[in-house]
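Heads up: the structure comes next, in structure tokens.
The values are calculated or read from the model by the stated rules, or taken from the named source; none is laboratory data. Not measured: the values here are computed from a predicted model. When we count neighbours, we look across all protein chains shown, and the Cβ atoms used for this are built from the backbone with ideal geometry, even at glycine. Surface accessibility is based on the protein's heavy atoms, side chains included, excluding ligands, DNA and RNA. Shrake-Rupley method; radii C 1.70, N 1.55, O 1.52, S 1.80 Å.
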Amino acid sequence: MEALLPSSSSFPKRPCSGDILPVGDTSVCPNPDTIDASLVSLLALRDPSVSIDLSIQRILDFTSQELEKEKLIENAMRVASAVHEAAMRSARRRASIHNAASWPLPSDLTVKVFSILDTRSLCYAAAACSMFSKCAGDPLCYCNIDLTAKDPKVNNTVVSTMIQRAGKNLQSLKLGMWPNPATNEDVIRCTSYSSRNSMELLGLSWTERRPRQGKEPCILTRSCLLALGADGAAAGALLRSLHLYNIDKMDGPGFSIALSACPSLLDLEVVGLRIELRQILDSVSTNCHSIERLFVESSETGSDDSLKSPTCVDLVNGCPHIMSLTLRGFKLNDHKVRILIKGLVNLKSVDFSTSYSIAGLFLRNLGNGSNGHLLEVLILRDCLHLKEVEIARFLSALISGDCKLLRYLDISNKDGLSAEDDWNVRRYSPSIPLSRILEERPDLCLLANFPPDECCMDIEQTSDQEAGSDSSLQIENNQLLGTDYLDSSDSSYGSILASGSEDAFESNYALYDGDSLDELEFN
């Protein structure tokens, strides 16, 4: 037995990492035939666990020095790991060969199928096998990148990698985080227009799209879209759709740089970014002259009053192809709304929900203007200052035949409509011709949901504490408006009027004449 076992001195010494292996040294780099014969013999063992265990133990017993024993054990573990990894690679290669032989589609059609998958499913498919991974790496699979989630783990590096993979094939990009699913039954679905002028209801409700106020921040930063401008803006040059949701660290300059790389953008949706509306619209009017759908929702409802009349005019002149316009949660008065509606000659869908200062005066003679009669969708949901008398006048105009193409109208308000003289007085059962308009305009989908009188209290009985706890003006039916808030609002209007500033006329919507802007001209 001892003659069959090699002595410790017969074992070749393992070279150090810094040693240079001599060419032709078969003791260190044995002949491939020798390795094959050794593996065949090893793999032919019926019970390799016991046999190898006994063999290693015998070798250690005949090794006198402890250092040599440790080296033998390390070598055994290294060889076993190499054999295991080689076996796994061989198994994967065989599986790939099998998948390629059994998969019914050629690689080009596989890429076509993968290009239809959403981004998450594409990543799962790429992890299935090497053949799928190769097909999933094709740029065509990244034409439509959707990295939105309730709690996304996506960082700037992942976004940049996928944008670079798509290259000039990138057509749509969605980034950011959605809020938790809504439980409020009173939701409204967003109506949008495509380039073919067809309406569709998106899968998520308005309540589900609202900004994540008080939630954990998104890990994406202001530089997450820099890859759009890399390589001569190859990725952003043909981008058609860009949706950004609740990216807290995105700022105005970063947003403007991203849009400057997207001259062909047709669809822009921005929800919950901490950027002023004026900055957003300036960037859009400067860089996106072909845009057809613009959707912007404020991160804090009722707090952004940055929009000025020149910005509205610039948007009208810079983006004449807009067909769908949504501005939610901003302080928009009737003067600015009138500029937008009258100036955008292709406008078909309008949504100014939760706009703080709209009284409805812009609705006067809306159907008699240059393009007001083209409107098909008008949403004025939960506009705090929307007056009962203006809605009644507009519905009467609809009965008379104005806005014949209008198919969807939403005037619902969880706080009721405002009285004519004092918006603090709420009308929960407004005197508007609902039944008559349904008879005269059966093709019109009209939503007019108001809270019942018995569940609403007089606004003047509201406590100051309840007013301070609701800075976003998103008040439920059983909540109230505080007198302190009302007083501060009225005083702010008075101070603006007294200042004589450029927007003083605009801020005081009560003095606005609905017919005074019919002759607006846009250069």
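If you go through the stretch 405-424 and pick out every residue that is part of a loop (DSSP other than H, G, I, E, B) and touching an Asp or Glu at 6+ places or on another chain (Cβ under 9 Å), you end up with 11. Reported count of residues in the stretch 219-276, each being under 15 Å from L173 (Cβ atoms), open to solvent by 10 Å² or more (accessible area, probe 1.4 Å) and acidic (D, E), is 1. The set of residues from the stretch 322-334 being open to solvent by 10 Å² or more (accessible area, probe 1.4 Å) and at pLDDT 95 or above comprises just one member, M323. Is there a residue in the stretch 397-420 that is farther than 20 Å from N365 by Cα, out of contact with any Lys or Arg (no Cβ under 8 Å at 6 or more places or on another chain) and either of a type in the set (S, T, Y) or at pLDDT 90 or above (or both)? Within the stretch 397-420 (the criterion being farther than 20 Å from N365 by Cα, out of contact with any Lys or Arg (no Cβ under 8 Å at 6 or more places or on another chain) and either of a type in the set (S, T, Y) or at pLDDT 90 or above (or both)), the answer is yes, since at least one residue qualifies.
Is there a residue in the stretch 305-314 that is closer than 22 Å to L374 by Cα, surrounded by fewer than 22 Cβ atoms within 10 Å (Cβ to Cβ) and at pLDDT 95 or above? Yes, the conditions are met somewhere in the stretch 305-314. Among the conditions (1) within 30 Å of S299 (Cβ to Cβ); (2) modelled with pLDDT of 90 or more, the only one that M177 does not satisfy is (2).
Restricting attention to the stretch 93-124, and to residues there that are over 35 Å from the mean Cα position of the chain (by Cα) and not hydrophobic (A, V, I, L, M, F, W, C), which single residue is most open to solvent (accessible area, probe 1.4 Å)? If we take residues in the stretch 93-124 being over 35 Å from the mean Cα position of the chain (by Cα) and not hydrophobic (A, V, I, L, M, F, W, C), then R94 is most open to solvent (accessible area, probe 1.4 Å).
Of the residues L363, L344, L386, the single one that is buried (at least 23 other Cβ atoms within 10 Å of the Cβ), modelled with pLDDT of 90 or more and touching a Pro at 6+ places or on another chain (Cβ under 9 Å) is L344. The condition of being open to solvent by 30 Å² or more (accessible area, probe 1.4 Å) and more than 38 Å from the chain's Cα centre (by Cα) holds for only one of R407, R436, that being R436. I'd like to know if the stretch 53-67 contains one or more residues that are modelled with pLDDT under 55 and assigned to a helix (DSSP H, G or I). No, there is no match, as no residue in the stretch 53-67 is modelled with pLDDT under 55 and assigned to a helix (DSSP H, G or I).
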